Amino acid sequence: MNESNAEEMIDPRVAEREKMESELKKLNENMAKLSKQVDEIQEELDKKNKPDKLGWDDVVQEIIGAMTFSLPFLFTEEIWDIAKTIDIWRTLAIFLMTLLMAYLFISKAKLSNIAKEEWHHIPKRLLTVTAVSYMTSVLLIYLYGIGNIANFSLGQYISATIIVSTFAVIGAIAVDLVK
């Protein structure tokens, strides 16, 4: 029999104290683990609540949205007829209306948690959405040969691009802002 066994036999409170110290040590370790997990959860919540900055992932989403929304309208003869019949002033009005609509969606509507980023007082997302949408429309009209099929003049080609881009802008914004 060693000395500690003799003490335990003499004073059972020593064994109980050691047991309680061991449990307290385990509780402290568990609390440290829980505290670490809570900190990790808080970091993830902070990342989710942080406004989304414009990045390549957003541009890719804009391209997908622009293509998805513009393709059905690209192949409708009614759009071609409208492009052939409207004058330059109506085309310009459609262009400006589309820009205004895109601006209101991006800057004023609280549809998504996006960072306010500007380039010369113009929202960067407005620039990327319009650039992506109009380039996508020009490219799709060219690739599918719609200009040749519909016998567009240069002015009619521009009108068709602006009309199809209206839908491309809507799609680009919708897919970009929905996370």
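The values are calculated or read from the model by the stated rules, or taken from the named source; none is laboratory data. Keep in mind the model is a prediction, meaning the values are calculated, not measured. Positions of Cβ are backbone-derived with ideal geometry, glycine not excepted, and every protein chain shown enters the neighbour counts. To get the accessible areas, we keep the full protein, side chains included, count just its heavy atoms, and leave off ligands, DNA and RNA. Shrake-Rupley method; radii C 1.70, N 1.55, O 1.52, S 1.80 Å.
Here are the numbers for this structure:
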quantity: Meets criteria (open to solvent by 90 Å² or more (accessible area, probe 1.4 Å) and aliphatic (A, V, I, L, M)) for residue 88; calculated: yes
quantity: Single match in 32, 66 (criterion: modelled with pLDDT of 80 or more, among the small types (Gly, Ala, Ser) and buried (at least 17 other Cβ atoms within 10 Å of the Cβ)); calculated: 66
quantity: Segment 152-179 residues that are among the hydroxyl-bearing types (Ser, Thr, Tyr), paired with ones that are surrounded by 21 or more Cβ atoms within 10 Å (Cβ to Cβ) (beta carbon under 6 Å, 6 or more apart); calculated: 159/83; 161/137; 165/133; 165/137; 166/98
